[in-house]
Amino acid sequence: MENAGNRVTTGNQETGQQWKAVPAPSIPEHERPPRLDLRSSLAVRVARLATSMSRRLGLGSGGMIGGRIAMALQPRLLAQLATGRSIVMVTGTNGKTTTTQMIAEALRSNAATVTNATGANMLDGHATALISQLDAPFAALEVDELHLAQATEQLQPAVIVLLNLSRDQLDRVGEIRTVQASLRRALQQAPQTHVIANRDDPNIVAAAVDHPSVTWVSGGVRWKEDAQNCPRCGVFLSDLEDDWKCSCGLHRPPADWIVTPTGVIDPYGVSHELPLRLPGHVNRVNATFALAAALHLGCEGEAALRRIRTLEQASGRYSTIRLDGRQVRLLLAKNPASWLEMLDLVAHNGKPLVLVVNSREADGYDVSWLWDIDFSVLRDRHVLVTGDRALDLAIRLRYEEVPCQVAPSVEEALRLLPAGEPDVIANYTAFRDLFAGRDQK
């Protein structure tokens, strides 16, 4: 909770909404970043050239290569790039990219902000983002869960946002308890950082509860299967929707921000509407994390919200694109928790539907998680399935009594669908390839 003596009330006379912000006293004013030494300056110039060439040659977004080269030339560069900036780090299994983009937009209501918008969420991606505008006083950085400790050590963030933890790429990331322990170590080495955390996820609570400065956000519990046992002692937690408490002492903390079906209640009990262009309850939760971070860093609430409201997609997520001459809405679902949210979006809209599942390195090779997803909401729909693991997905749908048809490609699936704008739900590499291959006209 914030110090009441530092509260600042901000608002908008037209809407009547009042936001109370607490500028963090430890955050410096927007100061000019320190002059880089010759070696660091050379590293920055080479990195920018590499990033530009990668984009021009169609080799990728350049979100990693520039930073990787820069850090090879100057291993101490990241700490130098972080000096004089207020940095927000966002991590968790789901929602990192969208929430990071929301935070970046909110901070831009106050001053220039850099971000790793392409999702390059390890140190080389962070370096590329920070190099992109050396005089930007704010940075919003998505961080891979297992790299938070390393990133925190080098960048000394002002704020860390902890969204959620659920099973994801078990063959690469490992069990959730391993990830939770890694997050806890990261917070222990950053006692001066303010943490904004999900109070409804016991794994996040276990990681953050001992930190000296935490704001708790409550958005409800949708995916419960990875949070039903106490992360510390293993005791079964019977009702995650209630104020659970374990015999070992771990408990659901009081909420500072509460997400409602239409908006949010702030730490002072004031209700605010959150009319967003991004769909679903999950994005109201993401927006609440973004507002909490922006207000903590001194942004004006209504101005920050106006910037967040402009977002219609985040790195392709929720975007309407053209594929093979046809308009489609593209949705990303990469693990059981995110599939739950995306299926909730499409379950009753009656639109044609294509599901795409790959199992490449970036996805994780193990697709046994398909059996953890409840596809029953699609029983009254005819679904087209495709991707590297289309047959695995088709078998799963048949057991759930969902009518489906296998297609050799997304383009062929679209040709088989009736008229109308279809939804395409794809996991990571399938989503990436479809967004990159969208029609340019």
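Here the accessible area of the stretch 77-309 is 48 percent carbon and sulfur, with a 1.4 angstrom probe and all protein chains present. Note on the chain: antiparallel DSSP beta bridges, both residues inside, total approximately 30 percent of the bridges counted.
Provide the FRET efficiency to the nearest 0.05 for the Ser52-Lys245 pair, computing r from the beta carbons and using R0 = 56 Å. The calculated FRET efficiency here is 0.55. Near Asn198, the amide H atoms lying under 5 Å from its own belong to Leu162, Val217; only residues 5 or more places off or on other chains count, and H is placed 1.01 Å from N. Charge dipole of the stretch 243-320 (Cα centre as origin; +1 on each Lys and Arg Cβ, -1 on each Asp and Glu Cβ, all else neutral): 260 debye, rounded to the nearest 20.
Label sites at Phe236 and Val406, each approximated as a point 7 angstrom past Cα along Cα to Cβ, lie 3.8 nm apart. For the chain, taking a cut-off of 4.7 Å between Cβ atoms, the unpaired cysteines are Cys299, Cys404. Taking the chain as a Gaussian network of alpha-carbon nodes connected by springs under 10 Å, the highest mean-square fluctuation of the residues Leu49, Leu278, Leu183 belongs to Leu49. When the chain is treated as a GNM with alpha-carbon contacts under 10 Å, the residue of Gly220, Gly420, Gly92 showing the greatest mean-square fluctuation is Gly420. For the stretch 359-404, carbon and sulfur atoms together expose 48% of the accessible surface, with a 1.4 angstrom probe and every protein chain in place. Using a Gaussian network model of the chain in which every pair of alpha carbons under 10 angstrom is joined by a spring, one finds that among Thr178, Thr260, Thr99 the greatest mean-square fluctuation is at Thr178. A straight chain from Val377 to Arg39 at 0.36 nm per residue would run longer than the Cα-Cα distance by 115.9 nm. Take every Cα pair under 8 Å whose residues are at least 6 apart in sequence, average their separation, divide by the length of the chain, and the relative contact order is 14 percent. A run of the chain free of exposed loop cleavage sites, with chymotrypsin sites (Phe, Trp or Tyr not before Pro) counted only in DSSP states other than H, G, I, E and B and at most 15 other beta carbons within 10 Å, reaches its longest extent at 1-267.
When you filter the trypsin sites (Lys or Arg not before Pro) in the stretch 208-279 for DSSP loop state and at most 13 other Cβ atoms inside 10 Å of their Cβ, you are left with Arg277. In the full protein context, the chain carries 43 Å² of accessible surface per residue, based on a 1.4 Å probe and ignoring ligands, DNA and RNA. Pairs of Lys residues in the chain are counted when their Cα atoms are under 24 angstrom apart and they lie 8 or more places apart or on different chains; the count is 6.
The values are calculated or read from the model by the stated rules, or taken from the named source; none is laboratory data. Everything numeric in this text was worked out from a predicted model, so none of it was measured. Here the Cβ is made from the backbone with ideal geometry for all residues, glycine too, and neighbour counts use every protein chain on show. Surface areas here come from the heavy atoms of the whole protein model, side chains and all, with no ligands, DNA or RNA. Shrake-Rupley method; radii C 1.70, N 1.55, O 1.52, S 1.80 Å.
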